[in-house]
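The values are calculated or read from the model by the stated rules, or taken from the named source; none is laboratory data. This structure is a prediction, so every number in the text was calculated from the model and none was measured. Note: ideal-geometry Cβ built from the backbone for every residue, glycine included; neighbour counts use all protein chains shown.
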Amino acid sequence: MALETLNDIVITKGGWPALWERGGALSRRGSATIVAEADGSKPRPILVKTRGHLACGQHALVGLRAGMYVIRAGRSGAIDVKRIKRIGVKGEVALAEVEKVDISSIPSELQPAVQAALKKADTYHCRYAVWVDSKAPQRYGPGRRQLAAIYDEIRAAKTAAIKDEMEDWELKLLTLAEAPPEEA
(Lines give C-alpha, C1' and ligand atoms only; values in the text may rest on other atoms or scores of the structure.)
Protein backbone atom coordinates (compact mmCIF):
# COMPACT_ATOMS: atom_id res chain seq x y z
CA MET A 1 0.00 0.00 0.00
CA ALA A 2 1.32 3.36 -0.98
CA LEU A 3 -0.05 6.82 -1.50
CA GLU A 4 -0.05 7.25 -5.25
CA THR A 5 -1.09 9.91 -7.70
CA LEU A 6 -2.84 8.12 -10.51
CA ASN A 7 -2.54 9.86 -13.85
CA ASP A 8 -5.82 8.60 -15.27
CA ILE A 9 -8.04 9.88 -12.44
CA VAL A 10 -9.90 13.01 -13.52
CA ILE A 11 -11.54 15.67 -11.39
CA THR A 12 -15.17 16.48 -12.27
CA LYS A 13 -16.52 20.02 -12.43
CA GLY A 14 -17.92 19.49 -8.95
CA GLY A 15 -14.46 18.59 -7.64
CA TRP A 16 -14.98 14.83 -7.28
CA PRO A 17 -12.50 12.17 -8.41
CA ALA A 18 -13.64 9.97 -11.28
CA LEU A 19 -12.21 7.42 -13.68
CA TRP A 20 -13.13 6.62 -17.27
CA GLU A 21 -14.12 3.10 -18.24
CA ARG A 22 -12.10 2.77 -21.39
CA GLY A 23 -10.47 0.37 -23.76
CA GLY A 24 -10.91 -2.19 -26.47
CA ALA A 25 -8.78 -4.15 -28.88
CA LEU A 26 -6.89 -3.14 -31.97
CA SER A 27 -5.53 -5.60 -34.51
CA ARG A 28 -2.91 -7.21 -32.23
CA ARG A 29 -3.20 -5.72 -28.79
CA GLY A 30 -5.87 -4.38 -26.50
CA SER A 31 -6.47 -3.19 -22.97
CA ALA A 32 -9.37 -2.19 -20.78
CA THR A 33 -9.97 -0.31 -17.55
CA ILE A 34 -13.12 -1.04 -15.56
CA VAL A 35 -14.37 0.25 -12.21
CA ALA A 36 -16.45 -1.98 -9.91
CA GLU A 37 -18.27 -1.23 -6.67
CA ALA A 38 -16.96 -2.61 -3.37
CA ASP A 39 -19.34 -5.58 -3.66
CA GLY A 40 -18.37 -6.22 -7.29
CA SER A 41 -21.56 -4.77 -8.76
CA LYS A 42 -21.81 -2.29 -11.62
CA PRO A 43 -21.42 1.37 -10.60
CA ARG A 44 -23.80 4.12 -11.66
CA PRO A 45 -22.04 6.26 -14.28
CA ILE A 46 -21.76 10.04 -14.16
CA LEU A 47 -21.59 10.23 -17.95
CA VAL A 48 -21.87 7.71 -20.78
CA LYS A 49 -20.46 8.75 -24.14
CA THR A 50 -22.57 7.85 -27.16
CA ARG A 51 -21.18 10.21 -29.81
CA GLY A 52 -17.82 11.12 -31.24
CA HIS A 53 -14.78 8.89 -31.42
CA LEU A 54 -15.58 5.85 -29.28
CA ALA A 55 -13.46 3.00 -30.67
CA CYS A 56 -11.05 1.90 -27.92
CA GLY A 57 -11.65 5.22 -26.17
CA GLN A 58 -13.41 6.59 -23.11
CA HIS A 59 -16.90 5.16 -22.73
CA ALA A 60 -18.27 5.94 -19.24
CA LEU A 61 -17.16 8.25 -16.44
CA VAL A 62 -17.54 6.68 -13.00
CA GLY A 63 -17.16 8.51 -9.69
CA LEU A 64 -14.63 6.95 -7.32
CA ARG A 65 -15.13 6.17 -3.64
CA ALA A 66 -13.16 4.25 -1.06
CA GLY A 67 -13.66 0.50 -1.36
CA MET A 68 -14.14 0.46 -5.13
CA TYR A 69 -12.02 -1.72 -7.40
CA VAL A 70 -10.10 -0.59 -10.49
CA ILE A 71 -9.53 -3.50 -12.86
CA ARG A 72 -7.10 -3.28 -15.76
CA ALA A 73 -6.92 -6.13 -18.24
CA GLY A 74 -4.89 -6.82 -21.34
CA ARG A 75 -5.73 -8.81 -24.42
CA SER A 76 -2.98 -11.24 -23.45
CA GLY A 77 -4.93 -12.11 -20.29
CA ALA A 78 -2.88 -10.00 -17.88
CA ILE A 79 -5.01 -8.66 -15.02
CA ASP A 80 -4.26 -5.91 -12.50
CA VAL A 81 -6.80 -5.37 -9.70
CA LYS A 82 -6.47 -2.52 -7.23
CA ARG A 83 -8.76 -1.65 -4.33
CA ILE A 84 -9.08 2.01 -3.37
CA LYS A 85 -8.42 2.38 0.36
CA ARG A 86 -8.64 6.18 0.53
CA ILE A 87 -9.10 8.85 -2.09
CA GLY A 88 -9.01 12.61 -1.97
CA VAL A 89 -8.54 15.69 -4.09
CA LYS A 90 -5.86 18.28 -3.46
CA GLY A 91 -6.06 21.15 -5.91
CA GLU A 92 -6.27 19.58 -9.34
CA VAL A 93 -4.58 16.32 -8.37
CA ALA A 94 -6.35 13.25 -7.02
CA LEU A 95 -4.46 11.28 -4.41
CA ALA A 96 -5.44 7.66 -3.96
CA GLU A 97 -4.16 5.08 -1.53
CA VAL A 98 -4.59 1.78 -3.32
CA GLU A 99 -4.07 -1.81 -2.33
CA LYS A 100 -3.10 -4.30 -5.00
CA VAL A 101 -5.27 -7.42 -4.89
CA ASP A 102 -3.46 -10.70 -5.48
CA ILE A 103 -4.76 -12.40 -8.62
CA SER A 104 -5.01 -15.74 -6.84
CA SER A 105 -7.21 -14.24 -4.10
CA ILE A 106 -9.71 -12.24 -6.16
CA PRO A 107 -13.08 -12.28 -4.34
CA SER A 108 -15.76 -14.41 -6.01
CA GLU A 109 -18.16 -11.45 -6.29
CA LEU A 110 -15.50 -9.63 -8.35
CA GLN A 111 -15.09 -12.43 -10.91
CA PRO A 112 -17.85 -11.17 -13.28
CA ALA A 113 -16.19 -7.72 -13.39
CA VAL A 114 -12.81 -9.30 -14.16
CA GLN A 115 -14.39 -11.36 -16.96
CA ALA A 116 -16.04 -8.20 -18.33
CA ALA A 117 -12.65 -6.44 -18.34
CA LEU A 118 -11.08 -9.33 -20.25
CA LYS A 119 -13.98 -9.33 -22.71
CA LYS A 120 -13.67 -5.55 -23.24
CA ALA A 121 -9.91 -5.87 -23.79
CA ASP A 122 -10.59 -8.52 -26.45
CA THR A 123 -13.48 -6.70 -28.21
CA TYR A 124 -12.28 -5.27 -31.51
CA HIS A 125 -12.81 -1.48 -31.60
CA CYS A 126 -15.04 -1.57 -28.52
CA ARG A 127 -17.46 1.39 -28.67
CA TYR A 128 -19.55 0.93 -25.51
CA ALA A 129 -19.32 0.72 -21.74
CA VAL A 130 -19.33 -2.84 -20.44
CA TRP A 131 -19.42 -2.63 -16.64
CA VAL A 132 -21.75 0.27 -15.73
CA ASP A 133 -25.35 0.25 -14.55
CA SER A 134 -27.10 0.90 -17.87
CA LYS A 135 -30.52 0.82 -16.20
CA ALA A 136 -29.64 3.73 -13.89
CA PRO A 137 -31.91 6.25 -15.68
CA GLN A 138 -34.89 3.88 -15.43
CA ARG A 139 -34.14 2.96 -11.82
CA TYR A 140 -33.40 6.46 -10.59
CA GLY A 141 -36.14 8.22 -12.55
CA PRO A 142 -36.65 9.64 -16.01
CA GLY A 143 -34.02 11.50 -17.98
CA ARG A 144 -33.95 15.23 -18.64
CA ARG A 145 -35.94 15.07 -21.90
CA GLN A 146 -38.54 12.76 -20.39
CA LEU A 147 -38.91 15.12 -17.44
CA ALA A 148 -39.43 18.06 -19.81
CA ALA A 149 -42.22 16.16 -21.61
CA ILE A 150 -43.85 15.23 -18.29
CA TYR A 151 -43.68 18.84 -17.09
CA ASP A 152 -45.20 20.04 -20.39
CA GLU A 153 -48.12 17.64 -19.93
CA ILE A 154 -48.66 18.79 -16.33
CA ARG A 155 -48.50 22.45 -17.38
CA ALA A 156 -51.03 21.84 -20.19
CA ALA A 157 -53.41 20.07 -17.79
CA LYS A 158 -53.16 22.89 -15.22
CA THR A 159 -53.67 25.55 -17.89
CA ALA A 160 -56.76 23.74 -19.19
CA ALA A 161 -58.15 23.46 -15.64
CA ILE A 162 -57.57 27.18 -15.03
CA LYS A 163 -59.25 28.05 -18.32
CA ASP A 164 -62.22 25.86 -17.39
CA GLU A 165 -62.50 27.60 -14.02
CA MET A 166 -62.23 31.02 -15.63
CA GLU A 167 -64.95 30.18 -18.12
CA ASP A 168 -67.26 29.02 -15.32
CA TRP A 169 -66.49 32.18 -13.36
CA GLU A 170 -67.16 34.35 -16.40
CA LEU A 171 -70.42 32.50 -17.02
CA LYS A 172 -71.54 33.20 -13.45
CA LEU A 173 -70.84 36.91 -13.87
CA LEU A 174 -72.62 37.00 -17.20
CA THR A 175 -75.71 35.22 -15.86
CA LEU A 176 -75.89 37.59 -12.86
CA ALA A 177 -75.55 40.66 -15.09
CA GLU A 178 -78.24 39.49 -17.54
CA ALA A 179 -80.78 38.45 -14.92
CA PRO A 180 -83.68 40.89 -14.47
CA PRO A 181 -83.77 42.71 -11.15
CA GLU A 182 -86.15 41.26 -8.58
CA GLU A 183 -89.17 43.38 -7.70
CA ALA A 184 -90.31 43.57 -4.15
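Over 16 Å from the mean Cα position of the chain (by Cα) and surrounded by 11 or more Cβ atoms within 10 Å (Cβ to Cβ), is that true of Gly23? Spell out how you get there, then give the answer.
On the way: over 16 Å from the mean Cα position of the chain (by Cα): yes; surrounded by 11 or more Cβ atoms within 10 Å (Cβ to Cβ): yes.
Here the answer is yes, as Gly23 does meet what is asked.
Is it the case that some residue within the stretch 71-94 is of a type in the set (Ser, Thr, Tyr) and under 24 Å from the mean Cα position of the chain (by Cα)? Within the stretch 71-94 (the criterion being of a type in the set (Ser, Thr, Tyr) and under 24 Å from the mean Cα position of the chain (by Cα)), the answer is no, since none of the residues qualifies. In the stretch 26-46, of all residues being surrounded by 19 or more Cβ atoms within 10 Å (Cβ to Cβ) and of a type in the set (Ser, Thr, Tyr), the one that is nearest to Lys82 (Cα to Cα) corresponds to Thr33.
Quickly run through the stretch 81-121 and pick out the residues that are of a type in the set (D, E, K, R) and more than 11 Å from Ile34 (Cβ to Cβ).
Let us first name the residues in the stretch 81-121 that are of a type in the set (D, E, K, R), namely 82-83, 85-86, 90, 92, 97, 99-100, 102, 109, 119-120.
Result: Lys82, Arg83, Lys85, Arg86, Lys90, Glu92, Glu97, Glu99, Lys100, Asp102, Glu109.
Cβ-Cβ distances below 9 Å connect the following pairs, each with a first residue in the stretch 1-23 that is in the same structural domain as Lys42 (by TED's automatic domain parsing) and more than 14 Å from His59 (Cα to Cα), a second residue that is at pLDDT 85 or above and in a loop (DSSP other than H, G, I, E, B), and a separation of six or more residues or different chains: Ile9/Leu64; Thr12/Ile46; Trp16/Ile46; Trp16/Leu64; Pro17/Leu64; Pro17/Arg65. Tell me, yes or no, whether the stretch 17-29 has at least one residue that is farther than 20 Å from Ser134 by Cβ, part of a strand (DSSP E or B) and of a type in the set (A, V, I, L, M, F, W, C). Scanning the stretch 17-29 turns up at least one residue that is farther than 20 Å from Ser134 by Cβ, part of a strand (DSSP E or B) and of a type in the set (A, V, I, L, M, F, W, C). One residue is enough: does the stretch 56-69 have a residue meeting the conditions in the same structural domain as Leu118 (by TED's automatic domain parsing), surrounded by 13 or more Cβ atoms within 10 Å (Cβ to Cβ), of a type in the set (Gly, Ala, Ser) and under 16 Å from the mean Cα position of the chain (by Cα)? Within the stretch 56-69 (the criterion being in the same structural domain as Leu118 (by TED's automatic domain parsing), surrounded by 13 or more Cβ atoms within 10 Å (Cβ to Cβ), of a type in the set (Gly, Ala, Ser) and under 16 Å from the mean Cα position of the chain (by Cα)), the answer is yes, since at least one residue qualifies. For the stretch 30-53, enumerate the residues that are assigned to a loop (DSSP other than H, G, I, E, B) and farther than 17 Å from Ser134 by Cα. Of everything in the stretch 30-53, those that are assigned to a loop (DSSP other than H, G, I, E, B) and farther than 17 Å from Ser134 by Cα turn out to be Ala38, Asp39, Gly52, His53.
Residue check: is Ala116 surrounded by 16 or more Cβ atoms within 10 Å (Cβ to Cβ) and modelled with pLDDT under 90? No; evaluated as a whole, the condition is false for this residue.
Quick test for you: out of Tyr128, Tyr69, pick the one residue that is touching a helix residue (DSSP H, G or I) at 6+ places or on another chain (Cβ under 8 Å) and of a type outside the set (Lys, Arg).
On inspection, the qualifying residue turns out to be Tyr69.
Is there a residue in the stretch 125-148 that is outside any loop (DSSP other than H, G, I, E, B), at pLDDT 70 or above and either among the acidic types (Asp, Glu) or in contact with a strand residue (DSSP E or B) (Cβ under 6 Å, 6 or more places away or on another chain) (or both)? Scanning the stretch 125-148 turns up no residue that is outside any loop (DSSP other than H, G, I, E, B), at pLDDT 70 or above and either among the acidic types (Asp, Glu) or in contact with a strand residue (DSSP E or B) (Cβ under 6 Å, 6 or more places away or on another chain) (or both).
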